[in-house]
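Read-outs throughout are calculated quantities, based only on the coordinates presented, and are distinct from any laboratory measurement. Small disclaimer: the values here were computed from a predicted structure and weren't measured. A quick note on method: Cβ atoms are made from the backbone with ideal geometry, for glycine too, and the neighbour counts reach across all protein chains shown.
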Amino acid sequence: MTGKLRLLLGCLSLFALHAADRSDATGSMSPVPCSLFYAYRLVLVRFQERILDRSIEFDLPSDWRQKVRAKQWTEVGGRECSDQRQCEPAAEAKVQITRFPRRGTKTVSGQFVVLFRDGRKFEGSFQARYLWRPLPRNCEELSIK
């Protein structure tokens, strides 16, 4: 009986850890090459367990890491974009990053709020996979491609 009870408790604890790690939204975060104002872009493609028709994107300023340490909310540029890169700007967007990639991890997580001009509001927690991309040596390389 104790072996079965131990197995049951082990399974329940794994389920609790998995449920506690769930986020309202998921996506990716990557560096933005050749931007004067923004260093990273956060792109959310799932919200409340469904794939979004249009991704929700946030442009994070270059000083976002300092704000992470202070656990500050940051007003950012936000928009909703289709696959064809037709984007609608948000009326208001804020992000609070609570965890960013360190050695051995590739996950960024935090909270977000975005209000669109038509009155729709998305808010909740997010987890995003950090996608490292080599940046061009100069910005002219981007315009050639």
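With a point put 7 Å past each Cα toward its Cβ, work out how far A91 is from R117 in nm, to one decimal.
That separation, rounded to one decimal, is 1.1 nm.
If you take the square roots of the eigenvalues of the alpha-carbon gyration tensor of the range 20-132 and sort them as a ≥ b ≥ c, do you get rounded (a/c under 1.5), prolate (a/b over b/c) or oblate? Numbers along the way, then the final one.
On the way: a/c = 1.41, a/b = 1.22, b/c = 1.16.
In terms of gyration-tensor shape, rounded.
Long-range amide H contacts for Q72: which residues qualify at under 5 Å (H placed 1.01 Å from N, peptide plane, sequence gap of 5 or more or a different chain)?
none
Please give the Cα centre distance for the range 71-89 versus the range 96-123, rounded to the nearest Å.
Cα centres, the range 71-89 to the range 96-123: 11 Å.
Calculate, in nm to one decimal, what V43 and S28 gain on full extension: separation in residues at 0.36 nm each, minus their alpha carbon distance.
Fully extending the segment from V43 to S28 adds 4.9 nm.
Using a 10 Å cut-off around each Cβ, can you sort Y40, Y130 from fewest to most neighbouring Cβ atoms?
Numbers: Y40 22, Y130 16.
Neighbour counts put them in this order, fewest first: Y130, Y40.
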